[in-house]
Amino acid sequence: MACVIADNILPMSDNFKLDLPQRPRRLRRNATIRAMLEETILRPADFIAPLFVIDGKGEPEPVKSMPGVSRLNIRDLVKECRALHKLGVPAVALFPKLDAKFKNAEGSKALDEDGLILRAVRAVKKAVPELMITTDVALDPFTTHGHDGVLTAAKDDVDNDRTVGILCDMAVLHAQAGVDIVAPSDMMDGRIGAIRESLDDEDFENTGIMAYSAKFNSAYYGPFRDAVGSAKAAGTNVLSKATYQLNPANRREAMGEATLDLEEGADIIMVKPAGTYLDIIREIRDFSDKPVAAYQVSGEYSQIHAAAKLGWLDYDKVRHESLLAIKRAGADLILTYFAKEMAKLLK
Ligand code: PBG
């Protein structure tokens, strides 16, 4: 801006000088000083890699809406787990994709001792014992209707208590197979306390619980539902996942869920999705001394891929920034489909 001094018109910028006690830009002058002062640093040990497993001996099945992600048979899954462990990724989260013929309204395959997920867990544990295994404890991959639990007789609601009973048996089976940390993800009431008690009764007091405490009813789960074939429930209007997952508008309600899960014995509290819920991650981080996990979900992953494919965003930079933001918000652990690429890059 030019300013008028007496008769002369002098551009103010020519001799303008601020007398500042603080010049924050001093500490951003070059790459070295910026690196010195970096507050948040990503490392391979921050990540948990979600992986999808299928039966049989077939080729990896790419998930169309998640570029770079494939469903793997157990042999390939074991290979992938070995590779992740070598790269310094400490844990995987395993999800089964069942053949439609194995699904029913009760999700009974969830309790099959020889079921896909338990065979996968045993194989991975045997091959890479140091790798931590977490598994979802929820019924959605096993039910024909795609809900996370069994339905009431009237089929107008998920039967909370009967579902929790099944989850308890499921958690014990998972622990027996070698799961280190079970991850109840269905948002039914009372599940954490009941699962803790069942695990303890069966002498699995060392099996941890990572509670999906603040799991929002999010549209960002779309691609995952393609991956495990649970898309149906999302589209039903009779019964919506909104009857158990949190309303994205609600912060206090999320804190209430986290409080309950901590009281019931959760070891790790999870927030999901991550990138659109950074405020919740921060609040839970400040409120509890337990580790906080954040799940950068399928839609968060896929939207970065989509924009990069269109040439609208820089893939590497946006990927990094998205994860950095989650860690900066307070996450101790990040479940992300970028885990392997990031570990390669950071190692
Ligand atoms: C359900 C479950 C979901 C995800 C993890 N566990 C989807 C849902 O609630 O329908 C989503 C993960 C993702 O989108 O990456 N038990």
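Below are the figures for this structure:
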{"item": "Condition broken by Ala231, with the remaining ones in (1) open to solvent by less than 20 Å² (accessible area, probe 1.4 Å); (2) within 12 Å of the ligand (Cβ to nearest atom); (3) out of contact with any strand residue (DSSP E or B) (no Cβ under 6 Å at 6 or more places or on another chain) satisfied", "result": "(1)"}
{"item": "Residue count for the range 296-340, restricted to those that are more than 16 Å from the ligand (Cβ to nearest atom), touching a residue at least 40 places away in the same chain (Cβ under 8 Å) and at negative phi", "result": "8"}
{"item": "Leu260 away from the ligand (no atom under 16 Å from the Cβ), closer than 30 Å to Thr152 by Cβ and in contact with a helix residue (DSSP H, G or I) (Cβ under 8 Å, 6 or more places away or on another chain)", "result": "yes"}
{"item": "Test: residue in the range 250-257 that is within 24 Å of Phe47 (Cβ to Cβ), open to solvent by less than 50 Å² (accessible area, probe 1.4 Å) and modelled with pLDDT of 95 or more", "result": "yes"}
{"item": "Only listed residue being over 22 Å from Tyr301 (Cβ atoms) and near the ligand (Cβ under 10 Å from one of its atoms), chosen from Tyr244, Tyr221, Tyr212", "result": "Tyr244"}
{"item": "Filtered residues of the range 1-47 (kept if part of a helix (DSSP H, G or I) and either at pLDDT below 95 or surrounded by 10 or more Cβ atoms within 10 Å (Cβ to Cβ) (or both))", "result": "Met12, Ser13, Asp14, Leu27, Arg28, Ile33, Arg34, Pro44, Ala45, Asp46"}
{"item": "Exclusive hit being in a helix (DSSP H, G or I) and within 13 Å of the ligand (Cβ to nearest atom), set Leu173, Leu199, Leu167", "result": "Leu167"}
{"item": "Only one of Ala110, Ala153, Ala127 that is among the small types (Gly, Ala, Ser) and at pLDDT below 95", "result": "Ala153"}
{"item": "Of the criteria (1) at pLDDT 95 or above; (2) out of contact with any Pro (no Cβ under 8 Å at 6 or more places or on another chain), which one Asp99 fails", "result": "(1)"}
{"item": "Candidate set: the range 130-155, residues that are open to solvent by 10 Å² or more (accessible area, probe 1.4 Å) and within 17 Å of Ile48 (Cβ to Cβ); chosen: the one farthest from the ligand (Cβ to nearest atom)", "result": "Glu130"}
{"item": "Cross-chain or 6+ apart pairs with Cβ under 8 Å, the range 244-269 first and of a type in the set (Lys, Arg), then assigned to a helix (DSSP H, G or I) and modelled with pLDDT of 95 or more", "result": "Arg251/Asp279; Arg251/Ile280; Arg251/Glu283"}
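Conditions tested, residue by residue: (1) of a type in the set (Phe, Trp, Tyr); (2) surrounded by 14 or more Cβ atoms within 10 Å (Cβ to Cβ); (3) away from the ligand (no atom under 15 Å from the Cβ).
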site: Pro60; (1), (2), (3): no, yes, yes
site: Lys64; (1), (2), (3): no, no, no
site: Arg75; (1), (2), (3): no, no, yes
site: Ala83; (1), (2), (3): no, yes, yes
site: Phe95; (1), (2), (3): yes, yes, no
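Residue-wise test of (1) farther than 26 Å from Lys86 by Cα; (2) among the basic types (Lys, Arg).
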residue: Ile281; (1), (2): yes, no
residue: Pro291; (1), (2): no, no
residue: Lys317; (1), (2): no, yes
residue: Ala325; (1), (2): no, no
residue: Ala329; (1), (2): yes, no
residue: Leu333; (1), (2): no, no
residue: Ala339; (1), (2): no, no
residue: Lys344; (1), (2): no, yes
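The values are calculated or read from the model by the stated rules, or taken from the named source; none is laboratory data. It should be emphasised that the depicted structure is a prediction, and the values quoted were computed from it without experimental measurement. Counting neighbours? That spans all protein chains shown, and the Cβs are built from the backbone with ideal geometry, glycine included. When the accessible area is computed, the model is the full protein with side chains, heavy atoms only, and any ligands, DNA or RNA have been set aside. Shrake-Rupley method; radii C 1.70, N 1.55, O 1.52, S 1.80 Å.
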